[in-house]
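The values are calculated or read from the model by the stated rules, or taken from the named source; none is laboratory data. Predicted model, so just to flag it, every value in this text is computed and none were measured. Methodologically, a virtual Cβ is constructed for each residue, glycine included, from the backbone with ideal geometry; neighbour enumeration extends over all protein chains shown.
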């Protein structure tokens, strides 16, 4: 796998290198960002089988989780190709009756703005330049200044009220959930992608302090059990709500909409790659 700046070019190059090396990988365009960059869905396993969703790159400042998901997918593909275990798990048995679906960069515009500057926001470049105050490296939102993790439909009005109480009234580098639920093309695309799959669970990745978040309005008991297993294996803490409130948006929406477990993994930037690979592989097990 290539190294260097984690940006949209990295996403494109890595995706198509994997597809070329492993034709069994299915690649589809889930949707387009505000600026028109593609959100890719990468799938492995029997078409039409129940699916496990892994998503990362929700935040522009996140240079970790998209790369981690692509590295893990590369190792999974190689293990399938070579018919050998991955982290002690037989990949052929794992994929016999289920799919793995990976959306590594939910927010390609935000990552591009953070990595390369406000000019990557297209027609919104001027506003992004003004809103970021000369510090694009802290830009979490999409090109319209919407934090995608807060743009999902679950309790949107109540969450908007909490943001206003915190002094967040409009677009900015982080925290603003948008004018309406699923107003952003990236959020709408991921939600539509989820609705077209027979999903067993969702795992969302964020940079963080080694924690597993699980609590939601539905599927809570199952999510709690899975969270406990993952936390024990990784040495993470299990907490119901940690960090910024926006972290819970996708997880709670998924559990409320589908009645299936969803988990947030807050991955430490300094975690050894092998431990992260083991954690993601473990998250696939029944």
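Could you please find all residues in segment 166-198 being within 15 Å of residue 254 (Cβ to Cβ), at pLDDT 95 or above and in contact with a strand residue (DSSP E or B) (Cβ under 8 Å, 6 or more places away or on another chain)?
Those that are within 15 Å of residue 254 (Cβ to Cβ), at pLDDT 95 or above and in contact with a strand residue (DSSP E or B) (Cβ under 8 Å, 6 or more places away or on another chain): 188, 189, 190, 192, 193, 194.
Cβ-Cβ under 6 Å, sequence separation 6+ or interchain: first residue in segment 175-186 and over 16 Å from residue 59 (Cα atoms), partner at pLDDT below 95 and outside any loop (DSSP other than H, G, I, E, B). Which pairs?
Short answer, once both residue conditions are applied: 181/156.
Answer yes or no as to whether residue 260 is surrounded by 15 or more Cβ atoms within 10 Å (Cβ to Cβ), at pLDDT below 90 and either in contact with a strand residue (DSSP E or B) (Cβ under 9 Å, 6 or more places away or on another chain) or farther than 20 Å from residue 41 by Cα (or both).
On the way: surrounded by 15 or more Cβ atoms within 10 Å (Cβ to Cβ): yes; at pLDDT below 90: no; either in contact with a strand residue (DSSP E or B) (Cβ under 9 Å, 6 or more places away or on another chain) or farther than 20 Å from residue 41 by Cα (or both): yes.
Considered against the rule, which asks whether it is surrounded by 15 or more Cβ atoms within 10 Å (Cβ to Cβ), at pLDDT below 90 and either in contact with a strand residue (DSSP E or B) (Cβ under 9 Å, 6 or more places away or on another chain) or farther than 20 Å from residue 41 by Cα (or both), residue 260 comes out as no.
Quick one: how many residues across segment 199-224 are touching a residue at least 60 places away in the same chain (Cβ under 8 Å) and under 11 Å from residue 254 (Cβ atoms)? Walk me through it before giving the result.
From segment 199-224, those touching a residue at least 60 places away in the same chain (Cβ under 8 Å) are 199-208, 210, 217; that's our starting set.
Narrowing the set further to residues that are under 11 Å from residue 254 (Cβ atoms) leaves 199, 201-204, 217.
Counting residues in segment 199-224 that are touching a residue at least 60 places away in the same chain (Cβ under 8 Å) and under 11 Å from residue 254 (Cβ atoms) gives 6.
Would you check if there is a residue in segment 15-22 being crowded, with 19+ Cβ neighbours inside 10 Å and under 17 Å from residue 283 (Cα atoms)?
no
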